[in-house]
Amino acid sequence: MYRREENKNKIIRAILLIIGIVSLIGVVFLQIVTNPTIGFMLQAILSVFVILYAIFFNKIHRKIHILIICVCLIPIAFVLFLGIYGNMSNVDYKEDAVIVLGAGVRGETVSLNLAHRLDRALEYWNENPNAVIVVTGGLGELATITEAEAMARYLIARGVPQESILLEDKSTSTYENLTFAKEILNEHFGTEFRVVVVTNDFHIFRAVRTARQVGLDVTGKGAYTLWYTRPANYLREMLAVVNMWFF
């Protein structure tokens, strides 16, 4: 019985150690291929915690193990909520405008997650070509043009006419994306209008809530998130949602 328990603990420790090391390697990889965010730091911290947990697994009291499992259930439930919400869409393809929220640009090239946002917006626009597309985002640290300009070029190269695209190129946050986009749309339409916000699935919940906060009549449409960026993005988003709720 003791031998069986010991073998089970060895397997658990090995699994935890592999998860922690792979996750830490993932952070290094993300630093190379995409723009850094606070999510990278959170993933690195979590990775180190998992590795230390695996190393000292046998020295930790059973009650502490149970406590750790219970605490872990909270972010797991949070991630499931954000993921499910982000993949539910109530658009009716009668909205007047599409707001695509900005993300990382390196040089003049949009990141893969931003490309997925733009592809989703393009998919929507093909169903509703009467809608204008507002691309949002200022100049990032690793970019030579604004996020908005890079996004506009991406869409134009795929058949969207320039006159269907409006640029918001001053913002540095989700709140500013939506606030400044609303100002542009107020000038463009001069009357009431409806919008669909497009962003990656993990971001939809906060984006829709923020859009309503700034006074937009909004629906949301989530885009695919690259699997290897999900841990960092979801960790960062959970922190951002908590910050939105309480601060």
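What follows draws every value from the coordinates through simple rules; no lab data is involved. Please read these numbers as outputs of a predicted model, since none were measured by experiment. Here Cβ is always computed from backbone atoms with ideal geometry, including for glycine, and neighbour counts include all displayed protein chains.
The table that follows gives values for the structure above.
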| read-out | value |
| --- | --- |
| Degrees between helix 147-157 axis and first principal axis of the chain (Cα, 0 to 90, nearest 10) | 70 |
| Residues Met151, Met238, Met244, Met88 arranged by fewest to most Cβ contacts within 10 Å | Met88, Met244, Met238, Met151 |
| Built amide H within the under 5 Å cut-off of Val134, gap 5+ | Val98, Ile99, Val100, Leu166 |
| Karplus-derived 3J(HN,Hα), 6.51/-1.76/1.60, for each residue of segment 5-13, Hz, glycine and proline x | 5, 5, 5, 5, 5, 4, 5, 4, 4 |
| Summed residue charge, Cβ within 13 Å of Leu155's Cβ, Lys/Arg positive, Asp/Glu negative | -1 |
| Sparse-neighbourhood loop sites, chymotrypsin sites (Phe, Trp or Tyr not before Pro) in segment 58-119 - DSSP loop, at most 16 other Cβ within 10 angstrom | Tyr93 |
| Order of Ile51, Ile99 under a 10 Å beta carbon neighbour criterion, fewest first | Ile51, Ile99 |
| Length-normalised contact order of the chain in % [C-alpha pairs under 8 Å, at least 6 apart] | 23 |
| Choice from Asn233, Asn113, Asn126 with maximal GNM fluctuation in the chain (Cα, 10 Å cutoff) | Asn126 |
| Correct choice for volume of the Cα convex hull per residue in Å³ that was computed from the model, options (1) 125; (2) 134; (3) 176 | (2) |
| FRET efficiency, Glu6 to Leu80 (Cβ-Cβ, R0 25 Å, nearest 0.05) | 0.15 |
| Fraction of antiparallel bridges per DSSP, the chain only, in percent to nearest 5 | 10 |
| Amide hydrogen neighbours beyond the local backbone of Arg194, cut-off 5 Å, H modeled | Asp96, Ala97 |
| With Cα atoms, 0 to 90° folded angle of helix 62-86 axis to the chain main axis | 20 |
| Karplus (6.51, -1.76, 1.60) ³J(HN,Hα), θ = phi - 60°, over segment 130-137, in Hz, Gly and Pro reported as x | 7, 6, 8, 10, 9, 9, 10, x |
| Under Karplus coefficients 6.51, -1.76 and 1.60, residue-wise ³J(HN,Hα) of segment 33-43 in Hz, glycine/proline x | 9, 9, 6, x, 9, 5, x, 4, 5, 4, 5 |
| Order of His116, His188, His203, His61 under a 10 Å beta carbon neighbour criterion, fewest first | His61, His188, His116, His203 |
| Listed residues Val214, Val71, Val28, most fluctuating in the chain (Gaussian network, C-alpha, under 10 Å) | Val71 |
| Shape call, segment 2-86: gyration tensor on alpha carbons, a/c limit 1.5 | oblate |
| Cα-centred dipole magnitude for segment 2-86, charges only on beta-carbon of K, R (+1) and D, E (-1), debye, nearest 20 | 460 |
| Between 0 and 90°, nearest 10: helix 204-213 axis offset from the chain longest Cα axis | 50 |
